[in-house]
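For reference, the structure is listed below as structure tokens.
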Amino acid sequence: MNDQANSVEQRFDAAVTPIAAWSRHDTTWMLGLFGTAIGAGTLFLPINAGIGGFWPLLALALLAFPMTYYAHRALTRFVLSGREGADITEVVEQHFGKGAGTMITLLYFFAIFPILLIYSVALTNTVGSFLEHQLHIQPPPRALLAFVLILGLLAVVRCGERFIVKAMSLMVYPFIVALLFLAVFLVPHWNGGILSTATTLPAPSAFLHTFWLAIPVMVFSFNHSPIISAFAVDQKRVYGDQAEGRSAQILARAHGLMVVLVLFFVFSCVLTLSPAQLAEAKAQNISILSYLANHFSNPTIAFVAPLIAFVAIAKSFLGHYIGASEGLKGLVAKTGARPAPKLLDRLTAALMLVVCWAVATLNPSILGMIETLGGPIITALLFLMPMYAIHKVPAMRQYAGKASNVFVVVVGVVSMSALVYSLMQ
């Protein structure tokens, strides 16, 4: 009898084994997720999100955390549902078959890779402008500058995925300090700004139209899907059966940090500038930092802005490189080729270097269009594919029947429709 009781007690203890205490590993990943999500796009968010007025911005602010958290948690669970060590490209093939796996891997790569190219161009432009206007140094030829910058980032890449995440987490600290500094710096200059639009409620049709078109802006401002696969694989390696619970904790803290910090920065900007001034900044196609530097004629902002942009772009480049290289390696695997892992890493890095360098040198105008076309793909992979898997994949059915699933599907469909509508305009 006692043996039976002891057996039951042992099984009960095993069933409720608590998740290990929070560790430095978890903090590194939390900051790595933050670093991938919060990039150069954050510097345009006050303009793109605030231009529609106070009430749509308030609605977006209230939905920012659930939109970000539930979608990325679902994608993480999807990757965790695969076999040990399988990344997203392998899990898709495992659950949906070889044909679907190849197609989604192809879409995954071509949705992320253009963003990497855009960051290459932006990095070259930012450093070139900083050398010329702030340091008053004639920048080297664009081809040489682009090569040195991209080679420097790929040198970090060559140190391995864990080093990339660690480097990104370290770069996050000065970025957080800089954003907080700017947000607090603007507080004495608050003049109501966007609150001038809060005195009258917009017509329901106007509100819904503005809100509808602004949802993709908020979705992509906090998007870090390119690094989710690597995150999930590492969590499974470290925590095993407890990976899902710990992943949810890390995601919640990362998203809480990014939403609070970024929204404080956004509201500080829009309380300083009027909707007309935000529209002027949008027409000039410059970041909020550049506009603020001109608006206040402040040399400190003018000097600091490019440095903040550089850190933002560099860490986002590293995070998106993980996703792009994963997609490219997945495509190679789908061809049946099986090169040695180290050789494949070198070939991937070499190809990325050549293509990113060429694009950064040429700066083609088609890049923006390619990024826009990739928007619906990222939305489908982030919001809709995990929800489809919950209903089709046995390992995912434990997550069925949750209200958060309906919320994720609705946001995904609304975001997709807004992106398609914008493309057709």
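Okay, residues lined up against (1) part of a helix (DSSP H, G or I); (2) over 20 Å from the mean Cα position of the chain (by Cα); (3) without any contact (Cβ under 8 Å) to a residue 60 or more places away in the chain:
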residue: ALA146; (1), (2), (3): yes, yes, no
residue: ALA155; (1), (2), (3): yes, yes, yes
residue: LEU180; (1), (2), (3): yes, no, no
residue: ALA183; (1), (2), (3): yes, yes, no
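Pairs are defined by a Cβ separation below 8 Å, a sequence spacing of at least 6 or placement on different chains, a first member in segment 204-222 that is under 21 Å from GLY32 (Cα atoms), and a second member that is surrounded by fewer than 18 Cβ atoms within 10 Å (Cβ to Cβ); the pairs so defined are MET218/LEU63.
Screening HIS189 against (1) in contact with a Leu (Cβ under 7 Å, 6 or more places away or on another chain); (2) surrounded by fewer than 21 Cβ atoms within 10 Å (Cβ to Cβ) leaves a single unmet condition, (1).
For segment 408-423, the set of residues classified as buried (at least 17 other Cβ atoms within 10 Å of the Cβ) and in contact (Cβ under 8 Å) with a residue 60 or more places away in the chain consists of VAL408, VAL411, GLY412, VAL414, SER415, ALA418, LEU419, listed by residue number.
Here is the figure for segment 218-243: residues that are crowded, with 20+ Cβ neighbours inside 10 Å and over 17 Å from ILE322 (Cβ atoms) total 6. Scanning segment 63-102 for residues that are over 17 Å from ALA254 (Cβ atoms), assigned to a helix (DSSP H, G or I) and among the hydrophobic types (A, V, I, L, M, F, W, C) yields LEU63, PHE78, ILE88, VAL91, VAL92, PHE96, ALA100.
For every residue, the table says whether it meets (1) assigned to a helix (DSSP H, G or I); (2) closer than 22 Å to GLN94 by Cβ; (3) acidic (Asp, Glu).
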{"site": "GLU326", "(1), (2), (3)": "yes, yes, yes"}
{"site": "GLY330", "(1), (2), (3)": "yes, yes, no"}
{"site": "ARG338", "(1), (2), (3)": "no, yes, no"}
{"site": "MET352", "(1), (2), (3)": "yes, no, no"}
{"site": "VAL359", "(1), (2), (3)": "yes, no, no"}
{"site": "GLY375", "(1), (2), (3)": "yes, no, no"}
{"site": "PHE407", "(1), (2), (3)": "yes, no, no"}
{"site": "VAL411", "(1), (2), (3)": "yes, no, no"}
{"site": "MET416", "(1), (2), (3)": "yes, no, no"}
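Take THR272 and tell me if it is free of Cβ contacts under 8 Å to residues at least 24 places away in the same chain and either hydroxyl-bearing (Ser, Thr, Tyr) or touching a helix residue (DSSP H, G or I) at 6+ places or on another chain (Cβ under 6 Å) (or both). No. Being polar (S, T, N, Q), touching a residue at least 24 places away in the same chain (Cβ under 8 Å) and on the phi > 0 side of the Ramachandran plot is a property that holds for ASN363. Scanning segment 185-206 for residues that are under 30 Å from PRO306 (Cβ atoms) and assigned to a helix (DSSP H, G or I) turns up PHE185, LEU186, VAL187, PRO188, HIS189, GLY193, ILE194.
Every condition in (1) surrounded by fewer than 17 Cβ atoms within 10 Å (Cβ to Cβ); (2) in contact with a Ser or Thr (Cβ under 9 Å, 6 or more places away or on another chain); (3) over 24 Å from LEU116 (Cα atoms) is met by VAL355 except one, and the failing one is (3). Look at (1) closer than 30 Å to GLY99 by Cα; (2) out of contact with any Asp or Glu (no Cβ under 7 Å at 6 or more places or on another chain); (3) not small (Gly, Ala, Ser) and you find that GLU326 fails only one, number (2). Right, ALA14: small (Gly, Ala, Ser), over 22 Å from VAL172 (Cβ atoms) and modelled with pLDDT under 85 or not? It is true that ALA14 is small (Gly, Ala, Ser), over 22 Å from VAL172 (Cβ atoms) and modelled with pLDDT under 85. Filtered by the rule that a residue be modelled with pLDDT of 90 or more and within 28 Å of the chain's Cα centre (by Cα), segment 129-142 gives a lone residue, ARG142.
If I ask for residues that are within 22 Å of LEU31 (Cβ to Cβ) and surrounded by 18 or more Cβ atoms within 10 Å (Cβ to Cβ), which ones from segment 258-267 would you list? Residues satisfying the conditions are MET258, VAL259, LEU261, VAL262, LEU263, PHE265, VAL266. Within segment 394-407, the set of residues being crowded, with 18+ Cβ neighbours inside 10 Å and either touching a Gly at 6+ places or on another chain (Cβ under 6 Å) or among the aliphatic types (A, V, I, L, M) (or both) comprises MET396 only. The residue list ILE112, ILE47 contains one member that is under 16 Å from the mean Cα position of the chain (by Cα) and among the aliphatic types (A, V, I, L, M), which is ILE112. Could you look through segment 147-174, keep only residues that are in contact with a Ser or Thr (Cβ under 7 Å, 6 or more places away or on another chain) and over 18 Å from PHE34 (Cα atoms), and pick out the one that is surrounded by the most Cβ atoms within 10 Å (Cβ to Cβ)? Of everything passing the filter in segment 147-174, ILE150 is surrounded by the most Cβ atoms within 10 Å (Cβ to Cβ).
The values are calculated or read from the model by the stated rules, or taken from the named source; none is laboratory data. All of these numbers come straight from a predicted model, not from anything done at the bench. Neighbour counts are summed over all protein chains in view; Cβ atoms, including those assigned to glycine, are modelled from backbone coordinates with ideal geometry.
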